[in-house]
Amino acid sequence: MRTLVALAALVLALSGCTSSPTKPVSDTPSPSASTTPTETTPPPDPGPTPKVGECHLLSFGQAVNVVGRTEPVKCKRKHTAETYFVGRLKLATKAGHVRRVDSQAAQKQARTTCAARLPKHLGRTPRELRLTLARSVYFTPPPQRAEAGADWFRCDVVVVAGPRRLLTLPRATKGFGAAPAVAMCATAAPGTTAFKRVGCAAKHAWRAVSTVDLPGKRLPSKGAVADLMDGPCGDAARESAADPLDFTWSQESPTQEQWDAGQRYGICWVPA
């Protein structure tokens, strides 16, 4: 979490008068006292607000480590992210306090709003989006901009093209969710050392065909997950096979890290 420093108080330069020794009275008028004009400090600059439709050339690291506002690039040039929603953070509390932009409540608002709006932007249902490599990432103002009054959050869509690599996106991503480059495939069967997720437009050996919801607040044991997924994955594999009597499949359970991040489902895979 980023730590925001409190807004420093503005200091005004004040001028004072000094007394001078008594002088004999003369006919020459004495100069009148003058004061130095007060110096004012310009208000802090909150910076520009992001706009829907802006494109960005993000690295994988920038996408997963959300830090401030990145500069947009022209969408006709190479880019890896597009802004599909811009909102305002609810920083005022019912008790009359003001939240920091890096507070848990503010970050949760940005994260959940961006995730909820991504399926409609890409033209897929939330369940269909599970079988893609498209992800929503969000950005909030950097500390110095937040101190100046910036309260926006920005939702970007990115597509993971491979290990620590983002896909170069088309000029516009609205309705892009059904493209082969977005669909989730793999270089080998899940659980093997050669397993790597790639877009289905790249060379691949397996593809994701279905997901199975997993109940409970804690990640079930591997055996329990296998039992829950066996039937649904078998059915999905049968429907995808050219011969309903000759088919195979593999199933992938979420890791503890994925479970903690909100992935409460397993993925069914079939040979491509």
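The values are calculated or read from the model by the stated rules, or taken from the named source; none is laboratory data. Nothing here was measured: the structure is a model prediction, and the numbers come from that model. Positions of Cβ are generated from backbone atoms using ideal geometry, with glycine treated the same way; all protein chains shown enter the neighbour counts.
Looking at region 231-267, which of its residues are of a type in the set (Ser, Thr, Tyr), surrounded by fewer than 16 Cβ atoms within 10 Å (Cβ to Cβ) and farther than 30 Å from residue 64 by Cα? Working first, answer last.
Residues of region 231-267 that are of a type in the set (Ser, Thr, Tyr), as a first pass: 240, 248, 250, 253, 255, 265.
Applying the additional criterion that residues be surrounded by fewer than 16 Cβ atoms within 10 Å (Cβ to Cβ) yields 248, 255.
Passing the criteria: only 248.
Kindly evaluate residue 232 against the criterion of being under 29 Å from the mean Cα position of the chain (by Cα), touching a residue at least 12 places away in the same chain (Cβ under 8 Å) and under 21 Å from residue 127 (Cα atoms).
In short, no.
Out of all the residues in region 85-93, is one or more under 15 Å from the mean Cα position of the chain (by Cα), in a loop (DSSP other than H, G, I, E, B) and modelled with pLDDT of 95 or more?
For region 85-93, residues under 15 Å from the mean Cα position of the chain (by Cα), in a loop (DSSP other than H, G, I, E, B) and modelled with pLDDT of 95 or more: present.
Only one residue in 108, 120 is basic (Lys, Arg), surrounded by fewer than 11 Cβ atoms within 10 Å (Cβ to Cβ) and modelled with pLDDT of 80 or more. Which one?
Of the residues listed, the single one that is basic (Lys, Arg), surrounded by fewer than 11 Cβ atoms within 10 Å (Cβ to Cβ) and modelled with pLDDT of 80 or more is 108.
Tell me the helices (runs of 4 or more DSSP H) entirely within region 103-158 that contain at least 2 residues that are hydroxyl-bearing (Ser, Thr, Tyr).
So the answer is 104-122.
Inside region 146-156, can you point out the residues that are buried (at least 21 other Cβ atoms within 10 Å of the Cβ) and more than 30 Å from residue 204 (Cβ to Cβ)?
Within region 146-156, 146, 150, 152, 153, 154 meet the criteria.
Does residue 245 meet the test of being at pLDDT below 95, among the hydrophobic types (A, V, I, L, M, F, W, C) and assigned by TED's automatic domain parsing to the domain that holds residue 187? Break it down into steps so the answer makes sense when it comes.
On the way: at pLDDT below 95: yes; among the hydrophobic types (A, V, I, L, M, F, W, C): yes; assigned by TED's automatic domain parsing to the domain that holds residue 187: yes.
For residue 245, the condition - at pLDDT below 95, among the hydrophobic types (A, V, I, L, M, F, W, C) and assigned by TED's automatic domain parsing to the domain that holds residue 187 - is met.
Taking region 187-228 as the search range and keeping residues that are surrounded by 11 or more Cβ atoms within 10 Å (Cβ to Cβ) and of a type in the set (Val, Ile, Thr), which one is nearest to the chain's Cα centre (by Cα)?
That would be 198.
Which number in (1) buried (at least 18 other Cβ atoms within 10 Å of the Cβ); (2) aliphatic (A, V, I, L, M); (3) free of Cβ contacts under 8 Å to residues at least 60 places away in the same chain marks the one condition that residue 270 misses?
Going through the list (1) buried (at least 18 other Cβ atoms within 10 Å of the Cβ); (2) aliphatic (A, V, I, L, M); (3) free of Cβ contacts under 8 Å to residues at least 60 places away in the same chain, residue 270 breaks only (3).
Under 9 Å between Cβ atoms, which residue pairs at least 6 apart in sequence (or on different chains) link something in region 157-181 that is at pLDDT 95 or above and loosely packed, with under 15 Cβ neighbours inside 10 Å with a partner that is of a type in the set (Phe, Trp, Tyr) and not in a helix (DSSP H, G or I)?
Filtered contacts from region 157-181: 174/84.
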